[in-house]
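Accompanying notes for the structure given below.
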Amino acid sequence: MVLSIHNISKAYGKIQALNDVSFDVPQGSVFGILGPNGSGKTTLLSIILDVLEANKGHFDWFGHPSSPDQRKKIGSLLETPNFYHYMSAINNLKITSSISGRGDAASIDTVLQKVNLFERRKSRFSSYSLGMKQRLAIGAALLGDPRVLVLDEPTNGLDPVGIAEIRDLMMELNRKGHTIIMASHLLDEVEKVCTHVVILKKGNVITTGPVDEVLMDEDIVEIGSANSEQLLQIASEYSSIATVKREGNYVQLVLIKGSARLEDVNRFFFERGVVLNHLLLKKKRLEARFFELTNN
Ligand code: ADP
């Protein structure tokens, strides 16, 4: 295992950001930490990068507790680095390298090639597209040739072209042997690039494992009420990791398996003034999958 997390908990005052979180990141994976905003993703990344301290639990990198030596094998991008707008990619990376002590002048060309910016290495940063700027940021994380890359919401704020560029780059880096750990609130993104996933909700692990097992494993909850328009509207607020669809007089919620019990669904609607006259759990994995593929 590249990373093993054991029973990590973290609170900010009264806010329990992480609650007894455990999972393993296998060597060679693209590992997605998936969850809606506020589910604890950034907190977790900060802990495994030694930026924050957990209140409870521990984690091992490469089978050992974190140490400066281990940290050299990990490149990270938690926030966008402050690049100089009037400088080229080469000079920006030289500065980042000398500040962080990672990599050397000779390795900068290799990094630029890895993130497909070598041709544009002498252009000013300000002339770059959003995707190129983010690729340079990933380049900065690659200085020192780390085995693992930790990225927080790597496609946030990018346009569709930039998103596709970063997605391709992550897959390419993974093929070249880097294990990638990334946080995302986008189910779609995780499904496209990740081999493994952990799903967090309010600081708790809902499920973890290979993407095709976890994301295939879905429950459909079918619900009905007197006012189906209102029902659809409220259903769309249910969770950012659920898919909502109208099905005749009913509304269907496609949920990741285990993320909701019928009582919770019922309570959610009741608390919003909706009395359900139909509530049915349908466990049909392939049908759920098919339905998702054909209805979006
Ligand atoms: P995510 O990255 O999934 O959006 P975060 O780890 O940023 O989630 O936040 C998890 C929870 O902890 C949220 O409820 C958030 O408001 C809270 N939180 C995060 N950082 C702090 C902080 N520095 N002080 C207080 N609460 C925080």
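The values are calculated or read from the model by the stated rules, or taken from the named source; none is laboratory data. On a predicted model such as this, the values are computed, not experimentally measured, just so you know. As a convention, Cβ positions derive from the backbone with ideal geometry for all residues, glycine included, and neighbour counts pool all protein chains shown. Surface areas here come from the heavy atoms of the whole protein model, side chains and all, with no ligands, DNA or RNA. Shrake-Rupley method; radii C 1.70, N 1.55, O 1.52, S 1.80 Å.
Measuring against 18 Å, Cα to Cα, the residue pairs LYS14/LYS56; LYS122/LYS176; LYS114/LYS192 contain LYS122/LYS176; LYS114/LYS192 as the ones spanning a longer distance.
Both the radius of gyration and Dmax for the stretch 121-260 are 18.9, 64 Å, in that order, over alpha-carbon atoms. A DSSP coil position with no more than 13 other Cβ atoms inside 10 Å describes the following chymotrypsin sites (Phe, Trp or Tyr not before Pro) in the stretch 83-117: TYR84, TYR86. Take the stretch 125-266 with all the other protein chains still there, run a 1.4 Å probe, and you get 39 Å² of accessible area per residue. Loop-located trypsin sites (Lys or Arg not before Pro) across the stretch 52-129 with a Cβ neighbour count of 12 or fewer within 10 Å are LYS122, with loop assigned by DSSP.
Beta bridges per DSSP, both residues in the chain: antiparallel share near 65 percent. Each listed q (0.08, 0.12, 0.13 Å⁻¹) maps to a log10 I(q)/I(0) for the chain from the Debye sum over equal C-alpha point scatterers, namely -0.41, -0.84, -0.94. Atom-type composition of the exposed protein surface of the chain places 51 percent of the accessible area on carbon and sulfur (1.4 angstrom probe).
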